[in-house]
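So the structure is just underneath, and the comments pick up after that.
The values are calculated or read from the model by the stated rules, or taken from the named source; none is laboratory data. Model, not experiment: these values are computed from the prediction. Glycine gets a Cβ as well: all are built from the backbone with ideal geometry, and neighbour counts include every protein chain shown. Side chains included, ligands, DNA and RNA excluded: accessible areas come from the protein's heavy atoms. Shrake-Rupley method; radii C 1.70, N 1.55, O 1.52, S 1.80 Å.
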Amino acid sequence: PKSPNFQFLEKHSSLLVKYVTRAEAYLFTEPSDALFKIRQFAELLAQMACANLGVSTTSDDKFSWVLGKLRDTGFAGRDILDAFHEIREAGNLATHEGKGAQSDALCQLRNARQLAIWFDRSFGNPQKSYGPFIPPPDPAISTAA
């Protein structure tokens, strides 16, 4: 299924889109898995931003280290760095402690959308209009209908 919130990233990376569409799908049934997927998305997005800025990173680099490199460029503002860190922390709790409610996953999906728009505007479409965030539909309600 195509994501109304993230499909515009397809031209940058199909893997980015895959991570967040899975997160949207897991939101209601497995919120901790959704948080893990959102963290994977944010980690790849940060590495791609660094690459676009000429900052070398590897897949072995810790996410926090990559975010420090991104901060050091001065390219990402405080709001963007805060969104990355919120996702990182929520993803860590989900991954290592199995924590994460549906509301946490929805909040981090919104953060992921903010990061996606920042990335696309920075490295692709500075004039694009994105429309509002569209919360994924609850499959239980869809099934009942």
Inset, instruction - Give segment 23-42 a look and list any residue that's within 20 Å of ASP120 (Cα to Cα) and surrounded by fewer than 22 Cβ atoms within 10 Å (Cβ to Cβ), or say none. - result: GLN40
Inset, instruction - Tell me, yes or no, whether segment 124-140 has at least one residue that is modelled with pLDDT of 90 or more, surrounded by 13 or more Cβ atoms within 10 Å (Cβ to Cβ) and outside any loop (DSSP other than H, G, I, E, B). - result: no
Inset, instruction - Please indicate, with yes or no, whether at least one residue in segment 94-101 is of a type outside the set (D, E, K, R), touching a residue at least 24 places away in the same chain (Cβ under 8 Å), within 16 Å of SER32 (Cβ to Cβ) and loosely packed, with under 15 Cβ neighbours inside 10 Å. - result: yes
Legend entry - Answer residue from segment 67-82, given it is outside any helix (DSSP H, G or I) and closer than 20 Å to ALA112 by Cβ and is most open to solvent (accessible area, probe 1.4 Å) among those: PHE75
Inset, instruction - Within segment 93-120, count every residue that is more than 15 Å from the chain's Cα centre (by Cα) and over 17 Å from ARG22 (Cβ atoms). - result: 7
Legend entry - Residue among SER64, SER59 that is part of a loop (DSSP other than H, G, I, E, B), out of contact with any strand residue (DSSP E or B) (no Cβ under 7 Å at 6 or more places or on another chain) and either more than 29 Å from GLY98 (Cα to Cα) or open to solvent by 30 Å² or more (accessible area, probe 1.4 Å) (or both): SER59
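Is it the case that some residue within segment 84-92 is open to solvent by less than 30 Å² (accessible area, probe 1.4 Å) and of a type in the set (Gly, Ala, Ser)?
Checking segment 84-92: at least one residue is open to solvent by less than 30 Å² (accessible area, probe 1.4 Å) and of a type in the set (Gly, Ala, Ser).
Where residues in segment 1-53 are in a helix (DSSP H, G or I) and acidic (Asp, Glu), which of them is nearest to ALA101 (Cα to Cα)?
Selected residue: ASP33.
Restricting attention to segment 13-22, which residues are surrounded by 16 or more Cβ atoms within 10 Å (Cβ to Cβ) and in contact with a helix residue (DSSP H, G or I) (Cβ under 7 Å, 6 or more places away or on another chain)?
LEU16, VAL17, TYR19, VAL20, ARG22 - these are the residues of segment 13-22 that are surrounded by 16 or more Cβ atoms within 10 Å (Cβ to Cβ) and in contact with a helix residue (DSSP H, G or I) (Cβ under 7 Å, 6 or more places away or on another chain).
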